[in-house]
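The values are calculated or read from the model by the stated rules, or taken from the named source; none is laboratory data. Predicted, not measured: the structure shown is a model, and the values here were computed from it. Positions of Cβ are generated from backbone atoms using ideal geometry, with glycine treated the same way; all protein chains shown enter the neighbour counts. Each accessible area value is taken on the protein alone, full model and side chains, heavy atoms only, with ligands, DNA and RNA left out. Shrake-Rupley method; radii C 1.70, N 1.55, O 1.52, S 1.80 Å.
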Amino acid sequence: MKVVNVGLIGLGTVGTGTLRILQRNAQEITGRTGRDIRVTRVAVSDINKPRDANLEGITLSTDPLDIAHDPEIDIVVEMVGGDSVAKDAVLAAIQHGKHIVTANKALIATHGNEIFTAAEKQQVSVAFEAAVAGGIPVIKAIREGLAANRIEWLAGIINGTCNYILTRMEQDGLDFSNVLADAQALGYAEADPEFDIEGIDAAHKLTILASIAFGIPLQFEKLHVEGITSITIEDIRFAAELGFRIKHLGIARRSESGIELRVHPAMVPADRLIASVNGVMNATLVQSDAVGPTLYYGAGAGAEPTGSAVVADIVDVVRTLDADSGSRVPHLAFGTGTMPEQTIVPMGQIETAYYLRMKVINRPGVLAAITRIFGDSDISIATILQKGHGDNNSEVTIIMLTQQARESNLEQAVAHVRELDSVTSDIQSIRLENLA
Ligand code: NDP
Ligand code: HSE
């Protein structure tokens, strides 16, 4: 049986999960590929660190380029993260004719256009299923399973750390900062957890999903990105009272004016399937013209769930090793230059409904002044609630739900309301996404 030699760059959470699966399920994997897949080299930063994996027969080094340049290696699997060492190693490996598998969404979202161009020139594959939604085969589903469809929109819970934090805040009444440390200890968070909680990681993933869904180039810099740091337990409780749950979503949508690309917390009706996705689980809902809605659900982070996607990519690459490069599935689903240019819709032009929370001084005319400002900005109020029955001149919380409104109008109204003497807090604003 022919042997395929694999070099792993990185043996942390994902690298260890990948190696364990390759070793434990070697017989099944050989049965599926007809090849004997051997990990012969691994690069790490500290070769003396104890490892939770069997390293027998594997040469360790600290220089990823040793693997990228090794003529015996057929497939390089990059699981280092970041975009410096990883980018150099991937581009060097491509130049040396290696196929690439990577779990690195930051690398693909920010340098993917350059990497795919280099790979096409060298006629090698770059596979990146693990870069989006951990173990869920959502790239394959959109790129291949939905290939008949015109995709209208997709919305996903695509950061396991954020979903884990929001779930623990809701279920255990814990504060944001207490829960982040747990997500880190479980191996879900990025090396710099700001990438998770500020929405950057989800934005990397949405960049990739939007590209394969709509045939647009990877354009991370055009996304609107918000994280979950402003969400309080109070918001989570008010959301529940109003029949919603707060989720951190990545949304890509075709509209008449172009394509919306946005990552932010959103209130989702509690009876939507996606609202029940808890903990580190991820889910992506895709609305397509022929099949209608489809939902992809599973573990969005962690050693073996992510390793599962990495190994599936290795299997895919091995299966096409002898195939003509032109017969492989295009990296970003569409052939280069086959799709028309598309405008990315400026955030001010999007339309959605909003939840607003603010503190005001309880005195006659306050609500009338607030609702007048919203009316003047062409925004209809759907619900208004006052929390607390304070005496005149005491502070109370006002919760409002608006009807569908233009984001720029909402921003303008919020700025004017904030100027009222009777409004004593910042105004929390969370978008409502119906996802119907
Ligand atoms: P870890 O931090 O756990 O592992 C990183 C690995 O890279 C370690 O083995 C480290 O070595 C090695 N490394 C770091 N710098 C170098 C270097 N200069 N030269 C050689 N080796 C180096 O990261 P994860 O496994 O969590 O993540 C890896 C990638 O997978 C990232 O792109 C991440 O975004 C992505 N990902 C992670 C998921 C998760 O659940 N954690 C899920 C999906 C994707 P050493 O072990 O010696 O420190
Ligand atoms: N930090 C990422 C997350 C890992 O929490 O989703 C999986 O991509």
With each pseudo-label sitting 7 Å past Cα toward Cβ, what's the Gln95-Ser61 distance in nm, one decimal? 1.5
Stokes-Einstein at 37 °C, 0.692 mPa s, Kirkwood radius from Cα pairs: D for the range 3-92 in µm² s⁻¹? 247
Added length on full extension, which subtracts the Cα-Cα distance from 0.36 nm per residue, Ser84 to Ala368: 96.7 nm
Cβ under 10 Å from Ala43's Cβ, Ala43 left aside: what net charge do those residues give with Lys, Arg +1 and Asp, Glu -1? -2
Can you tell me which aspartates and glutamates have their Cα less than 14 Å from the Cα of Lys121? Leave out same-chain residues fewer than eight positions away. Asp324
So if I take the centroid of the Cα atoms in the range 393-413 and the same for the range 224-248, what is the distance between those two points in Å? 15
Of all DSSP beta bridges in the chain, antiparallel share, percent nearest 5: 65
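Quick one: if the Förster radius is 51 Å, what FRET efficiency do Ile361 and Lys49 give, using the C-beta to C-beta distance and rounding to 0.05? Present the calculation step by step, with values, prior to reporting the outcome.
Numbers: r = 58 Å, r/R0 = 1.15.
Efficiency, rounded to the nearest 0.05: 0.30.
Could you work out the percent of alpha carbon pairs in the range 143-299 separated by over 26 Å, rounded to a whole number? Kindly include the intermediate steps, with their values, before the conclusion.
Working: 3075 of 12246 pairs.
When all Cα pairs of the range 143-299 are counted, 25 percent exceed 26 Å.
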Of all accessible surface on the range 1-135 at a 1.4 Å probe, what whole percent is carbon and sulfur? 45
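When ranked by the protection proxy of mean other Cβ atoms within 10 Å per residue, highest first, what sequence do the peptides 26-32, 153-159, 259-265, 104-110 form?
On the way: 26-32: 12.9, 153-159: 27.7, 259-265: 23.3, 104-110: 25.1.
Order by mean packing, descending: 153-159, 104-110, 259-265, 26-32.
Using only helices, what value at 222 nm comes out for the chain when you add -39,500 (n - 2.57) per DSSP H run of length 4 or more and divide by the total residues, to the nearest 500 deg cm²/dmol?
-10000 deg cm²/dmol
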Taking Lys105 as the anchor, which lysines have their alpha carbon closer than 18 Å to its alpha carbon, excluding any fewer than eight residues away along the same chain? Lys87, Lys140, Lys205, Lys222
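At 0.36 nm per residue, minus the direct Cα-Cα distance, what do His389 and Arg328 gain on full extension? Give it in nm, one decimal, please.
Details: separation 61, 0.36 × 61 = 21.96 nm, distance 6.55 nm.
The span from His389 to Arg328 would gain 15.4 nm if fully extended.
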Taking the alpha-carbon distance from Lys359 and a cut-off under 27 Å, which lysines remain once sequence neighbours fewer than 8 residues away in the same chain are dropped? Lys247, Lys387
For the chain, average projected area of the Cα convex hull in nm²: 22.1
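Starting from the Cα-Cα distance between Asn278 and Glu419, subtract it from 0.36 nm times their residue separation and give me the gain in nm to one decimal. Can you show the working numbers first?
Working: separation 141, 0.36 × 141 = 50.76 nm, distance 3.81 nm.
Extra length available between Asn278 and Glu419 comes to 46.9 nm.
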Shape parameters for the range 348-432, alpha-carbon atoms, Rg then Dmax in Å: 12.2, 40
